[in-house]
Amino acid sequence: MSTHPSHKSQAFCQRFNLGVPILLAPMAGVSPPSLSIAIMQAQGMGACGTLLMQPEAIHRWAADVRAHTPGPFNLNLWIPDPAPQRDAAHEQQWRDFLRSWGPAVAPDAADAKPPHFADQCAAMLDVKPAVISSVMGLYPPAFVQAMKAADIAWFANVSTVREALAAQAAGADVIVAQGIEAGGHRGCFDAHHAQDQLVGLFALLPAIVDAVKVPVVATGGIGDARGIAAAFALGASAVQMGSGFMRCPEAHLPRAWADAMAQTQPEDTVLTRAFSGRLGRSLSNAYVRAAHSENAPAPAPYPVQRALTAAMRDDAVKANDVERMQAWAGQASRLAQAAPASALVRQLWHDAQALMPH
């Protein structure tokens, strides 16, 4: 098959029943059905980050979306880390530190347990989306076999060429190449090396395209038609955008967060463990700067840190206070438009095609 960009994208769209090769990034906590519905109505692919969702919530999300549009969507789940090492004295340091940033942190806050991974996997199989994607590692072989038996495609999110090769060997149907520009959590398989393997999309994407035989989706720092066209020139079969859709009204983002993204230059975002214990890219706000200071404790491991900061994060959203919010944002956030998502998808693809060779 020709490697002309349009041929790759056409083949991808045909395979996944899409009209445009633009995918919504599955963002845990920022995946309202309304955003996927709008993108799917423009013939893109919807998505939901199910990390924080119980099985019944996963079923409810899918039912809400399917009640409005029959298009394809992607359900995403993190591969669990090993159980964290707990340190009571260190957790107390964080409770003391957080006292000036929000409500008092309950003594048992860090005991909170995430939803059960196996139950979430079973719920995703029950829903039978077009795509199930992984991040932070690879699904167990038995679950990969179950996906294939159900004719569900596996999209594996990776951040290095080595991870891409491992995902292909494990049976991934599509590789999602995530550049360091991406907002939110880094998709690194090994949390300990996340800060040592900071590869930008322009370097990562062609290297992965050259290394694997399956289609590659580009994500991270793509915010407008120029980024979309560039991704196709570098060998992508489709693009995935998160921050680029977060200012759309259907995303229901807190106003202060959405407004701050519009003013955010690439250098105004920062990689931090201060919210969850896992490395993620957020706006550089007052809390992050304080948490990175010499006087702050080192971040606790994931998900302990996430549980400790939950009260502050919830309070910040209620107060519309972006200086304390877990305000994930990619380096191309300023390109995000406060436009209806369906119209934005159509406009992005129209403009990107005009920039691509015919």
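Restricting to helices (runs of 4 or more DSSP H) lying wholly in the stretch 101-218: which have 1 or more residues that are touching a Lys or Arg at 6+ places or on another chain (Cβ under 8 Å)? Walk me through it before giving the result.
Values: elements: 117-127, 141-149, 161-169, 201-211.
Fully inside the stretch 101-218 and qualifying: 161-169.
Is one or more of the residues making up the stretch 28-35 touching a residue at least 60 places away in the same chain (Cβ under 8 Å), in a loop (DSSP other than H, G, I, E, B) and among the hydroxyl-bearing types (Ser, Thr, Tyr)?
Taking every residue of the stretch 28-35 in turn, none turns out to be touching a residue at least 60 places away in the same chain (Cβ under 8 Å), in a loop (DSSP other than H, G, I, E, B) and among the hydroxyl-bearing types (Ser, Thr, Tyr).
Hey, any hits in the stretch 231-251 for a residue that's under 18 Å from the mean Cα position of the chain (by Cα), on the phi > 0 side of the Ramachandran plot and either among the acidic types (Asp, Glu) or at pLDDT 95 or above (or both)?
no
Among the residues of the stretch 124-148, what is the count of those that are closer than 17 Å to Gly46 by Cβ and more than 18 Å from the chain's Cα centre (by Cα)?
Counting residues in the stretch 124-148 that are closer than 17 Å to Gly46 by Cβ and more than 18 Å from the chain's Cα centre (by Cα) gives 2.
Of everything in the stretch 153-176, what is surrounded by fewer than 19 Cβ atoms within 10 Å (Cβ to Cβ) and either free of Cβ contacts under 8 Å to residues at least 40 places away in the same chain or aromatic (Phe, Trp, Tyr) (or both)? Give them in sequence order.
Passing the criteria: Arg162, Ala166, Ala169, Ala170, Gly171.
Within the stretch 210-226, how many residues are among the hydrophobic types (A, V, I, L, M, F, W, C) and either modelled with pLDDT under 95 or buried (at least 22 other Cβ atoms within 10 Å of the Cβ) (or both)?
We begin by selecting, within the stretch 210-226, every residue among the hydrophobic types (A, V, I, L, M, F, W, C); these are 211-212, 214, 216-218, 222, 225.
Still in the list and also either modelled with pLDDT under 95 or buried (at least 22 other Cβ atoms within 10 Å of the Cβ) (or both): 216-218, 222.
Number satisfying all stated conditions: 4.
Of these, Leu24, Leu52, Leu35, which one is crowded, with 24+ Cβ neighbours inside 10 Å, farther than 28 Å from His358 by Cα and in contact with a strand residue (DSSP E or B) (Cβ under 9 Å, 6 or more places away or on another chain)?
The conditions single out Leu35.
In contact with a Pro (Cβ under 8 Å, 6 or more places away or on another chain), aromatic (Phe, Trp, Tyr) and assigned to a helix (DSSP H, G or I) - does that describe any residue in the stretch 232-240?
Yes: the stretch 232-240 contains one or more residues that are in contact with a Pro (Cβ under 8 Å, 6 or more places away or on another chain), aromatic (Phe, Trp, Tyr) and assigned to a helix (DSSP H, G or I).
What's the number of the only condition in (1) closer than 21 Å to Gly200 by Cα; (2) surrounded by fewer than 19 Cβ atoms within 10 Å (Cβ to Cβ); (3) not acidic (Asp, Glu) that Phe245 fails to meet?
(2)
Looking at the stretch 288-310 only, could you name the residues that are within 24 Å of His116 (Cα to Cα) and part of a helix (DSSP H, G or I)?
Val304, Gln305, Arg306, Ala307, Leu308, Thr309, Ala310
Do you know which residues across the stretch 38-49 are part of a helix (DSSP H, G or I) and surrounded by fewer than 22 Cβ atoms within 10 Å (Cβ to Cβ)?
Result: Gln41, single match.
Counting just the residues of the stretch 88-121 that are exposed (fewer than 15 other Cβ atoms within 10 Å of the Cβ) and among the aliphatic types (A, V, I, L, M), which one comes out nearest to Ala286 (Cα to Cα)?
Selected residue: Ala104.
The values are calculated or read from the model by the stated rules, or taken from the named source; none is laboratory data. Note that this is a predicted model, so its numbers are computed, not measured. Please note: Cβ atoms are built from the backbone with ideal geometry, for glycine as well, and neighbour counts cover all protein chains shown.
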